[in-house]
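Okay, structure first, notes after.
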Amino acid sequence: MKRLFCLIFALLLAATCLAFGEETDAIETIVTIVTAPDQTKAERPPCFPDPADDYIPLPEGENLALGKPVLSGAHTDVYVIKNVNDGKTDTYWESKGFPAETVFDLQGTFSVSTVAVCLNPSSVWEPRIQEIAVMVSLDGETFTQAAAPEKYSFDAATGNRVRIDFDAAQTAFVKVIFTLNSSSRTGGAQAAEICIFE
Ligand SMILES: [Ca+2]
C-alpha cells in the first residue's frame, strides 16, 4: 500500500512539472530580449543640467592640502581633524568651540593664492555661514594674514563650498581660522575638506 501511495505521488509530481514546463515555454515565446546599448558613463538629458554646473569652481591645479600633516585643537565627537583633507566630502572635521584653527604643513614652499572650504554637497546640510580667515608662514611659527576674517555662505545649490582667493604668498604652512558657524546644530566649525591651491 505504501509503495502504491509513493507511486501515485511521484506520478502527480511528474505531471505538475510537465504542466509548469509547458507554461514556462509559453511565457518565453512572448518575451522579447533586448540587448542594452554600450554605455561608458552616466548620461543626463540636456533638459536636466548637471547640478555641478552651478558649483563654485575650484582651481584646476593640485590640491596641496590633500593628505598633508594637519593639526587642530579639540574636535567634536568622532569628527577628527584627519577627515579634513582625506579627499572625501562625506567625512568631516568639526571643532569643539571657537576660535578653531587648522594648520597645514605643505611639506614644501609654494606660491599659494586660494583656499577652498567644502562641506558635504548634500542638501541635507542646510545653508549656513562660517567666518574664516587665512594666515601663511614659511617656518610654521610666524604667521602673516593672507585673507582677513570674512563671513562666507555655504549653500548646497553651489556645492556647499566657498573659495577664498588672496594675493599669492610664498608659504610652507597655511593656517585656516574659523570664528563663527551660523548652523544651530553645532557649536563649532565644520569642514569636509579644506583645499589649498597655488
Ligand atoms: Ca573629508
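The numbers here are math on the coordinates, done by the rules we state, and not lab data. The model shown is predicted, which means the values in this text are computed figures rather than measured ones. Glycine also receives a Cβ, built like all others from the backbone with ideal geometry; neighbour counts cover every protein chain displayed.
Any idea which residue in segment 168-198 is nearest to the ligand (Cβ to nearest atom), counting only those that are surrounded by fewer than 19 Cβ atoms within 10 Å (Cβ to Cβ) and closer than 11 Å to Thr114 by Cβ?
The residue in question is Glu198.
Which pairs turn up if I take residues in segment 58-79 that are among the hydroxyl-bearing types (Ser, Thr, Tyr) and look for partners that are in a loop (DSSP other than H, G, I, E, B) with beta carbon separation below 6 Å, at least 6 apart in sequence or on another chain?
Pairs found: Thr76/Lys96; Thr76/Gly188; Tyr79/Tyr92.
Are there any pairs with C-beta distances below 8 angstrom linking a residue in segment 169-198 that is in contact (Cβ under 8 Å) with a residue 24 or more places away in the chain to a residue that is within 16 Å of the ligand (Cβ to nearest atom) and among the acidic types (Asp, Glu), with the two at least 6 apart or on different chains, and if so which?
Qualifying pairs under 8 Å: Thr186/Glu94; Gly188/Glu94; Ala189/Glu94; Gln190/Glu94; Ala192/Asp90; Glu193/Asp86.
Just name the residue that is nearest to Phe143 (Cα to Cα) out of those in segment 63-110 that are of a type in the set (Lys, Arg) and in a loop (DSSP other than H, G, I, E, B). Talk me through it step by step, then tell me what you get.
The initial filter retains those residues of segment 63-110 that are of a type in the set (Lys, Arg), namely 68, 82, 88, 96.
Within this subset, residues satisfying the condition of being in a loop (DSSP other than H, G, I, E, B) are 68, 88, 96.
On the way: Lys68: 19, Lys88: 28, Lys96: 23 Å.
Only one residue fits best here, namely Lys68.
Identify all residues within segment 95-119 that are within 16 Å of the ligand (Cβ to nearest atom), closer than 11 Å to Val176 by Cα and not hydrophobic (A, V, I, L, M, F, W, C); write none if there are none.
Thr102
Specify which of the listed residues (Tyr55, Tyr79, Tyr92) is away from the ligand (no atom under 16 Å from the Cβ), surrounded by 12 or more Cβ atoms within 10 Å (Cβ to Cβ) and of a type in the set (Phe, Trp, Tyr).
Details: Tyr79 fails: away from the ligand (no atom under 16 Å from the Cβ); Tyr92 fails: away from the ligand (no atom under 16 Å from the Cβ).
Of Tyr55, Tyr79, Tyr92, the one residue that is away from the ligand (no atom under 16 Å from the Cβ), surrounded by 12 or more Cβ atoms within 10 Å (Cβ to Cβ) and of a type in the set (Phe, Trp, Tyr) is Tyr55.
Would a scan of segment 127-137 turn up a residue that is more than 16 Å from the ligand (Cβ to nearest atom), touching a helix residue (DSSP H, G or I) at 6+ places or on another chain (Cβ under 8 Å) and assigned to a loop (DSSP other than H, G, I, E, B)?
Within segment 127-137, one or more residues are more than 16 Å from the ligand (Cβ to nearest atom), touching a helix residue (DSSP H, G or I) at 6+ places or on another chain (Cβ under 8 Å) and assigned to a loop (DSSP other than H, G, I, E, B).
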